[in-house]
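Asks: The structure that follows is given in the form of structure tokens.
The values are calculated or read from the model by the stated rules, or taken from the named source; none is laboratory data. This structure is a prediction, so every number in the text was calculated from the model and none was measured. Heads up, the Cβs are rebuilt from the backbone with ideal geometry, glycines too, and the neighbour counts pull from every protein chain shown. Keep in mind that these areas ignore ligands, DNA and RNA; they rest on the heavy atoms of the full protein, side chains included. Shrake-Rupley method; radii C 1.70, N 1.55, O 1.52, S 1.80 Å.
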Amino acid sequence: MAVHTLTINDQLISARAGETILDAARDAGIHIPTLCHLEGVSDVGACRLCLVEIDGSNKLQPACVTEAAEGMVVHTHTEKLADYRRITVELLFAEGNHVCAVCVANDHCELQDMAVEVGMDHVRFPYQHPEREVDISHPQFGIDHNRCILCTRCVRVCDEIEGAHVWDVANRGSDTKIISGLNQPWGEVEACTSCGKCVDACPTGSIFHKGATVGSKQGDRQKLEFLINARTKGEWTR
Ligand code: SF4
Ligand code: SF4
Ligand code: FES
């Protein structure tokens with residue numbers, strides 16, 4: 001198998017041909033922040049938290065969808081990247097309605113963790129306070145669009161692991177939203193197997209088990225890893 005040699009933060013590392021900068025960095029123990037990346041499903045480069053600087057390019061590149069190449073010189077933690085990552089997280093908070101104190105994922109939320117990681121102590125942008133709905137038509141689960149950061153982890157897990165493709169992305173710009181079925185109430189989508197994988201994949205309190213109270217939602221990443229392994233090894237068919 002072809003192998004590339006590159007430098008990340010002055011550390012010489014090797015990457016398999018086709019491997020992304022993110023995977024190569026993680027293999028070498030180098031941390032790059034991510035929100036939309038989920039081990040085992042495809043990458044879409046939605047959140048832009050994993051942006052890195054590459055020598056010779058004046059554009060910041062998302063590490064999760066950029067292939068490592070021979071001789072690349074990558075920087076993952078520059079002052080510029082710290083600024084951009086913090087701005088990105090501030091914009092996520094300004095764009096939705098994230099009232100953490102009354103969220104099912106409070107204290108177990110990847111968005112909160114990211115805010116801490118990037119050192120966000122306040123938001124410099126005007127809050128949009130969009131009007132968004134909560135859908136509790138499903139007998140077991142609910143989706144609160146106020147807390148959705150459009151990472152599409154639910155979309156990819158439901159499509160690529162469960163094979164049900166209940167979720168999708170509709171509209172453009174600030175009207176973009178996650179929809180179930182053909183923009184139907186979730187409970188009316190017959191394709192949903194009620195497996196709960198989207199609940200575990202969601203990094204915020206947006207998709208939750210009905211009856212969950214403030215702070216009680218804890219993502220079960222091990223369950224997802226188990227499912228992904230079983231699927232990779234062909235233990236089930238679609
Ligand atoms: S419960 Fe399972 S089938 Fe239903 S939307 Fe979530 S991931 Fe898809
Ligand atoms: S519902 Fe959750 S997993 Fe789906 S896009 Fe929104 S934040 Fe991401
Ligand atoms: S993790 Fe790369 S863009 Fe979200």
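Asks: Could you provide, to the nearest whole Å², the per residue accessible area of the chain with probe 1.4 Å?
Replies: 51 Å²
Asks: Here is a follow-up. Tell me, what ³J(HN,Hα) does each residue in the stretch 131-139 have, in order and in whole Hz, if you take phi through Karplus 6.51 cos²θ - 1.76 cosθ + 1.60 with θ = phi - 60° and put x for Gly and Pro?
Replies: 3J(HN,Hα) across the stretch 131-139, in whole Hz: 8, 10, 9, 10, 10, 10, 6, 6, x.
Asks: Only helical DSSP H runs with n ≥ 4 go in: add -39500 (n - 2.57) per run for the chain, normalise by residue count and round the 222 nm mean residue ellipticity to 500 deg cm²/dmol.
Replies: Calculated at 222 nm, the ellipticity per residue is -6500 deg cm²/dmol.
Asks: How much length is gained on full extension from A191 to A82, taking 0.36 nm per residue of separation minus their Cα-Cα distance?
Replies: Taking 0.36 nm per residue and subtracting the Cα distance, the gain is 35.1 nm.
Asks: Rounded, prolate or oblate: which fits the stretch 83-192, taking a ≥ b ≥ c as square roots of the Cα gyration tensor eigenvalues, rounded meaning a/c under 1.5, else prolate when a/b beats b/c?
Replies: prolate
Asks: Would you mind calculating the gained length between R172 and E117 on full extension (0.36 nm times residue separation, minus the Cα-Cα distance), in nm to one decimal?
Replies: 16.9 nm
Asks: Using packing as a proxy for protection, rank 3-9, 187-193, 169-175, 107-113 so that the peptide with the highest average count of other Cβ atoms within 10 Å comes first.
Replies: Those peptides, ordered most packed to least, come out 107-113, 3-9, 187-193, 169-175.
Asks: Turning to a different aspect of this structure: Pairing the Cα long axis of helix 79-95 with the longest principal axis of the chain, what angle in degrees results, from 0 to 90 and rounded to the nearest 10?
Replies: In the chain, helix 79-95 runs at an angle near 10 degrees to the longest axis.
Asks: Please give the helix 221-232 orientation as an angle from the longest Cα principal axis of the chain, in degrees from 0 to 90, rounded to the nearest 10.
Replies: So the inclination is approximately 80 degrees.
Asks: Relative contact order of the chain, please, whole-number percent, based on alpha carbon pairs below 8 angstrom and at least 6 residues apart.
Replies: 18 percent
Asks: Turning to a different aspect of this structure: I'd like the carbon and sulfur percentage of the solvent accessible area for the stretch 113-170, probe radius 1.4 Å, heavy atoms only, ligands and nucleic acids excluded.
Replies: 52 percent
Asks: Using only the Cα atoms of the chain, build the gyration tensor, take square roots of its eigenvalues as a ≥ b ≥ c, and label the shape rounded, prolate or oblate: rounded if a/c is under 1.5, else prolate if a/b is larger than b/c, else oblate.
Replies: Note, shape of the chain comes out oblate.
Asks: From Cα pairs below 8 angstrom and at least 6 apart in sequence, can you work out the relative contact order of the stretch 36-78, rounded to a whole percent?
Replies: For the stretch 36-78, the relative contact order is 35 percent.
Asks: Note the count of lysine pairs whose C-alpha atoms are less than 18 angstrom apart in the chain, limited to pairs 8 or more residues apart or on different chains.
Replies: 5
Asks: Something else now. With the cut-off at 1.5 for a/c, could you classify the stretch 1-88 from its C-alpha gyration tensor as rounded, prolate or oblate?
Replies: The shape class here is oblate.
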